[in-house]
Every structure is written in structure tokens, then in C-alpha cells.
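Engineer: A single structure is presented below for examination.
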Amino acid sequence: MRSRPATFSAALHRLGLNRLLLHMILLIVSTITAAPYFWALSTSLKLRRDVFTPVPQWIPPNPTLQNYVDLFYMAPFGLFLVNTILVVSGILVIQLITAPLAAYVFARLRFAGSGFLFGLFLVQMMMPIHAVVVPNYLTINAMGLLDTRLAMMLPFWASGYAVFLLRQAFRQVPRDFEDAALIDGCSGLRFLWHVLLPLAKPTVIAFSLISVVTHWNDFLWPLIVTDSPAVRTLTIGLAMFVQQESGADWPVLMAGTIFVTLPLLLLFLVYQRKFIESFMYAGLKG
Amino acid sequence: MRTVNQRISPYLYLIPSLILLVAFTYYPILSSVYISLHEWNLFTPEPKFVGFENYTILFGDPLFWRVARNTLVYVAVTIPITMAMALIMAILLNERLGWLRNAYRVAAFYPTMIPMAAAAMLWVWLLNPGIGLINHYLASFGVPRIEWLYNMDWALPAIMMTAIWKNFGYFMLIYLAGLQNLPGELYEAASLEGAGFLHKVRLITLPLLAPTTVFVVVVGIITSFNVFDLVHLMTQGGPGNRTNVLVYYIYQHAFRFADYGMGSALTVVFVVMILAVILVLMRLLERRTHYEV
């Protein structure tokens, strides 16, 4: 019997097709998925009168940055950006303190009730985020924290997902390391900080990227706990801006949309490999 | 000999996380159930115990059933399409493609990086009935103008399209990770036996990817039941509540009408529904997996 290589192109070959077809399929799909963003980018660089053309113009005939200038006059998007960065990093920094501590305990120490307690962390990982917004809103209200940046961070400071990922990483560090460290007088928290965390660096980076992307994009929670533009994040700022503009001025609306997405997308394009590896790795383990 | 310090330190390290988990995950679960048994709204500012009255009102309201139906339709349509696209793209991208592979991967994955809110705005613009790109290109195929987000029948499909575009790249990546872990020897052996490409996909790839599929299904269900941002920005639940979904309905009750009792009852129904759907699907998938392996 004739052997065939296990590739898709081999199968296409049998059907009388070749690698070119594979590229064509992928090219078409990629064009379709990329089109919405390029169309918005193009719109954001157009004059208003150039938007209403019978035939769509992908390249702005009179490119301008005026829409972005107008955007900043019409709503404090710079402030929204600062708020978003503060909230996202405020969440991550505390997560990176609480999660390694808990993960270390579950990975390395034996104690009564460890299985049950770890289960508690796992349940939070599976919890649909929108299932707790009503009671959490009431809690934040009772604490007098409504309309603060702190309110947007507080519920995310403990992450079952981070604990789960880090526990896996810590468990892969051989026992010998711990014994050796112990002889050098390095134990407990110092062992966690100087040995375990550096060895788990890929996991820490993966989780950090996912946390940043998740909370940069948060919507419902910031929407219900904020009330004033002074503390709003980019996504909420965009939503309010859309309502205030009630449509029509598409170039400025698209400038706002592009501005909200740009920081993360640029980071993603520069550190593509790291982002893709992180989402792959953490997703698979999750 | 373990010192006292060694014996209490595990609990000490867990305290920060545990306090937060109890306050913002466990207490809320119990409190939702508790509040759902009370009347608590603008007219009754102090919670008043009413038993299951909120649930009775809810289940007697045709709008609730409309919302539940919308949500289930949304979940049942978006998940299979998203998964199929993700799987096919992953299988194609797992081939040797040279430097272009990275470009394809970025094109499929970048929507994961942008906020749902921004995705909603991109598509509101594309779906604009008068000067939107989609109607323009459809017109060149002779399709008459569709009112998309303003049309009773097209609004929900339009939101589903946006969601599929936004989400499939993430699941594609998960499938790619799964594919890269498959043992190459099996494929070589199958080739020696003369198995063709589609045979191998059906007999090796799909069964071995079953654990990945279970993961994708569970994450997909949780993600799609949580749909809110798209609805809030694209249709506000309209036209005629045709795009109103559970989380949006919770939001309306709790934060527009300040009806916490009803909002909590809806939350409980929401969680029970997700758990039920996950359990049923796990049963089905388990059976399928056993047959194939």
C-alpha cells in the first residue's frame, strides 16, 4: 500500500488541489476578520463628507487626524486611559501578592482541610462573573465605595485562576531545590520569593497578560459601580460617549473606538509571540 | 518536629485570598438566594420576606420566557459555529505555511485583544443600514437592504455574528495548543495503513482532541451566557426585546428599576440555567467520547 504524508496539503493534492488553495482559504478568512478594524481605522481618518460616498473608500481621500483632536475636546479620553491603567495595574499588583502565597501553600505544604480550601478557589474560577454583580454592588455600596477606582478593583484581587496556574507551576519545581534552599537557610516566604517565583516566570507572565487584557476590557462591573467621568475607564467612557453623540458623527465615534483598542493592540503586535504563547498555555492548563 | 509557626503558616498565607473570596464570591452566592426571597425595590426600600413570590411573578411573565429563549438561541447558535470555525482554522493553521502562518494567526486572534464594547461599535458601523459596509457588499450580490439592528428578526443574528467574530480566534488558539500536543507517531502509523486526511481527522484528531473540546464547550457556555456588552451597546435589548438576554434583564431589573429582589431571583435562575446546560452537555460529550475511544 502506498503511504501518504499526514498533511492537509497531501489530501488536497489527492483532490487535485495544492498548497495554493490552502493559502487562499486562509487569506480570505484573514481578510474578512481583519476588515472591520481597517474599515474603522479608515473611517476615523476621514473627513465627515468623505464618509457618505456611494462606493466605500478604503483609503481616506483626504486623510486627517482632526477626529482624534475633536475626540479629546468632546470627552476626557486621556483621563479614561489613565484610569484604565490605574485600575488594571491595581488589580494585577495585588493579584500577584495574594495568588503566589495561596499557590505556594497548596503546592508545597501539607495541612488539614487543604483539599476543601483548594476546592473553594476552583469554584471561583468557574463562576460566571455576572452572577455576582447584584450582591457585590450592594456590598460596595454598603462600604461607601461607589464611584471609586477601588470599587472596580476590589472584587478581582483574589483570583482562583491565578492560584490554579501558579500551583501547577510550583509543583513542577523538584523537591531537591527546596532541600538545597533549606540548607542555605532559605525557607518559607524567602524560598517562594527567591526560588519558586523566578522559576515560574513564564506562568507569571502568562497570567499577567491575561489579567491585563481581561480587566482592560471589563464592562458591566465598571458600568454599575461608577457614576462620574473622573473615575471612568476607557470602555465605559466609550459607551457614554456613544450615547452622548447618539450616532451620526461616525469619524469621531470610530476615532474613539480605535483609541480604546490601540494600547493593547500595539502591545500585542510588538509582543505577539509572548501573547499567543500565554493565551495558548494558560488556556490549555485552565 | 513541626513548630507552631509551621502549623499555622499555611492558613496565614491563605487569609488574604480567603477573605476576598468569601466577601466577593461566596457571600454573594448565598446572599443572592436570600435576597431573591424578599421584596426589595423602590416601593419597598427595606427588604420584606415574600417567599417564592419573585419567582412566581418571573415565571408568569411572558417577557421572562422571551429573554430566556433569546439567551438559549444565542448560546445554541454561537457555540457550535464558533467551535467549528475555531477547529477548522486550527487544523488549517497547523500545516506548514511559512511566514504567512503568523499573519493568519494574528488576523484571527486580534479580536480577542479588543474590548467587547469596541467590537460592538465596529459592528454597529459595519451594520449601519444606510451606509454600512455589509449592506453595500450584499447589495452588489443583489441582496435587498437589511435593517439589521433595527429589525425584529435580524438584530439577534447580527449580535451573534459580532460575537463569533470576536471569540473564535481565542478558541482557535486553544485548539492549536491541543493539536500540537497530539502524538505524531499515530499519524505516521495511520499513513502507513493508507488512511487519508479526512480519515485521520475523524479517527485520530477529533477523538484525541475530546478533552480540549470539553474545555472549549464549558468556557464557551460560560462566556456566551454572560453576553451583555454587545446587547447594551448595539440594541439595548431591542427591537421589541428581541435581543434582551438574561444578564441584560438582570441589569435592567437591578440597576435601572432598582429592584434587587427580582434582580437576585433572576441571578439565581441564570446560574441554575448555566449549570444545567453544562451538566447536560458534559453527559452527551462523555458518552460520545467513550464510543470513539
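Engineer: Calculate, axis by axis, the spread of Cα positions in the stretch B:1-57 along the three principal axes, and write the results as whole Å, longest axis first.
Structural biologist: 61, 19, 13
Engineer: Would you compute, for the Cα atoms of the stretch B:118-225, the largest minus smallest coordinate along each principal axis and list the three values in descending order, in whole Å?
Structural biologist: 57, 33, 21
Engineer: With 10 angstrom as the radius, rank A:Ile59, B:Ile278 by how many other C-beta atoms surround their C-beta, starting from the fewest.
Structural biologist: On the way: A:Ile59 8, B:Ile278 16.
With the sparsest Cβ surroundings first, the list reads A:Ile59, B:Ile278.
Engineer: Still on this model: Output wanted: per-residue J couplings in Hz (rounded whole) for the stretch B:251-266, from phi through Karplus 6.51 cos²θ - 1.76 cosθ + 1.60, θ = phi - 60°, x for Gly and Pro.
Structural biologist: Going residue by residue, I get 4, 4, 5, 6, 10, 8, 9, 6, 9, 6, x, 5, x, 6, 4, 5 Hz, with x marking Gly and Pro.
Engineer: At q = 0.11, 0.12, 0.21 Å⁻¹, what is the base-10 log of I(q)/I(0) for the stretch B:80-157 according to the Debye formula with one equal point scatterer per Cα and no solvent? Please give it to two decimals.
Structural biologist: -0.45, -0.53, -1.04
Engineer: Then there's this: For the stretch B:38-186, report the % of Cα-Cα distances exceeding 25 Å.
Structural biologist: It works out to 53 percent of all Cα pairs.
Engineer: Looking at chain A, I'd like the Rg to Rh ratio, where Rg is from alpha-carbon atoms and Rh is Kirkwood's inverse mean 1/r.
Structural biologist: Using only Cα positions, Rg/Rh for chain A is 1.08.
Engineer: Mind listing the phi-derived Karplus ³J(HN,Hα) values for the stretch B:159-169, rounded to whole Hz, using 6.51, -1.76 and 1.60 with θ = phi - 60°, and x for any glycine or proline?
Structural biologist: 5, 5, 4, 4, 5, 5, 4, 5, 9, 5, x
Engineer: Please list, ordered by chain and number, the residues whose modelled amide H lies under 5 Å from the amide H of B:His38; skip anything fewer than 5 residues away on the same chain.
Structural biologist: Sorted by chain and number, the residues that satisfy this are B:Val50.
Engineer: What angle, in degrees between 0 and 90 and rounded to the nearest 10, separates the Cα long axis of helix A:234-245 from the longest principal axis of the Cα atoms of chain A?
Structural biologist: 30 degrees
Engineer: Once each part is reduced to its C-alpha centroid, what is the distance from the stretch B:200-224 to the stretch B:92-127 in angstrom?
Structural biologist: 21 Å
Engineer: Please report A:His130, B:His136, B:His199 as a ranked list, fewest other C-beta atoms within 10 angstrom at the top and most at the bottom. Numbers along the way, then the final one.
Structural biologist: Numbers: A:His130 22, B:His136 16, B:His199 13.
By the 10 Å Cβ count, ascending: B:His199, B:His136, A:His130.
Engineer: Something else now. Report the convex hull volume per residue for the stretch B:65-292, counting only C-alpha atoms, in Å³. Don't skip to the end; give the middle numbers.
Structural biologist: Values: hull volume 34.9 nm³, N = 228.
Cα convex hull per residue, to the nearest whole number: 153 Å³.
Engineer: How big is the stretch B:164-293 in terms of Cα radius of gyration and Dmax, in angstroms?
Structural biologist: Every Cα atom of the stretch B:164-293 included, Rg and Dmax give 20.5, 67 Å.
Engineer: Let me ask something else about it. I want to verify a result. In a Gaussian network model of chain A, Cα cutoff 10 Å, which of these has the top mean-square fluctuation: A:Arg108, A:Arg232, A:Arg167?
Structural biologist: Among A:Arg108, A:Arg232, A:Arg167, the largest GNM mean-square fluctuation belongs to A:Arg108.
Engineer: Can you report the principal axis dimensions of the stretch B:1-105 using only the alpha carbons, biggest first, rounded to whole angstrom?
Structural biologist: Computed over the stretch B:1-105, the largest-to-smallest principal extents equal 66, 66, 23 Å.
Engineer: Let's see if you can work this out: charge +1 on each Lys and Arg Cβ, -1 on each Asp and Glu Cβ, no other charges. What is the dipole magnitude of the stretch B:65-292 about its Cα centre, in debye to the nearest 20?
Structural biologist: Working: 14 positive and 10 negative charges, 49 e Å.
Roughly 240 debye for the stretch B:65-292.
Engineer: Choose one answer from A:Pro36, A:Pro100, A:Pro263: the residue with the largest mean-square fluctuation in a GNM of chain A with alpha-carbon springs under 10 Å.
Structural biologist: With Cα springs under 10 Å in chain A, the top fluctuation among A:Pro36, A:Pro100, A:Pro263 is at A:Pro36.
Engineer: How compact is the stretch A:160-229 by the rule of thumb for globular proteins, expressed as Cα Rg over 2.2 N^0.38 Å?
Structural biologist: Values: Rg = 17.5 Å, N = 70, 2.2 N^0.38 = 11.1 Å.
Rg over 2.2 N^0.38 Å, computed on Cα atoms: 1.58.
Engineer: Same structure again: Plugging the Kirkwood radius over Cα pairs into Stokes-Einstein for the protein assembly as shown, at a temperature of 4 °C and a viscosity of 1.567 mPa s, what D comes out in µm²/s?
Structural biologist: The diffusion coefficient I find is 50 µm²/s.
Engineer: Grab the DSSP H runs of the protein assembly as shown that are 4 residues or longer, score each as -39,500 (n - 2.57), total them, divide by all residues and round the 222 nm result to the nearest 500 deg cm²/dmol. Intermediate values should be presented prior to the final figure.
Structural biologist: Values: 30 runs with 400 residues, N = 579.
My calculation for the protein assembly as shown gives -22000 deg cm²/dmol from helical runs alone.
Engineer: What list do you get for B:Asp61, A:Asp179, B:Asp229 if you sort them by fewest beta carbons within 10 Å?
Structural biologist: Listing B:Asp61, A:Asp179, B:Asp229 from fewest to most nearby Cβ atoms yields A:Asp179, B:Asp61, B:Asp229.
Engineer: With a cap of 12 neighbouring Cβ atoms within 10 Å, and only residues DSSP puts in a loop, list the chymotrypsin sites (Phe, Trp or Tyr not before Pro) found in the stretch A:48-100.
Structural biologist: Answer by residue number: A:Phe52, A:Trp58.
Engineer: Hey, another quick one. I'd like the distance separating the alpha-carbon centroids of the stretch B:135-152 and the stretch B:2-76, in whole Å.
Structural biologist: About 43 Å separates the Cα centre of the stretch B:135-152 from the one of the stretch B:2-76.
Engineer: Here is a further query. So what J values fall out for the stretch A:87-103 if you push phi through Karplus, 6.51 cos²θ - 1.76 cosθ + 1.60 with θ = phi - 60°, rounded to Hz, Gly and Pro as x?
Structural biologist: Running phi through 6.51 cos²θ - 1.76 cosθ + 1.60 with θ = phi - 60° gives 5, 4, 6, x, 5, 4, 4, 5, 4, 6, 9, 5, 5, x, 4, 5, 5 Hz.
Quick note: the coordinates plus some simple rules give every number you see, no bench work behind them. Values in this document were obtained by computation on a predicted structure and should not be read as measured data. Here Cβ is always computed from backbone atoms with ideal geometry, including for glycine, and neighbour counts include all displayed protein chains.
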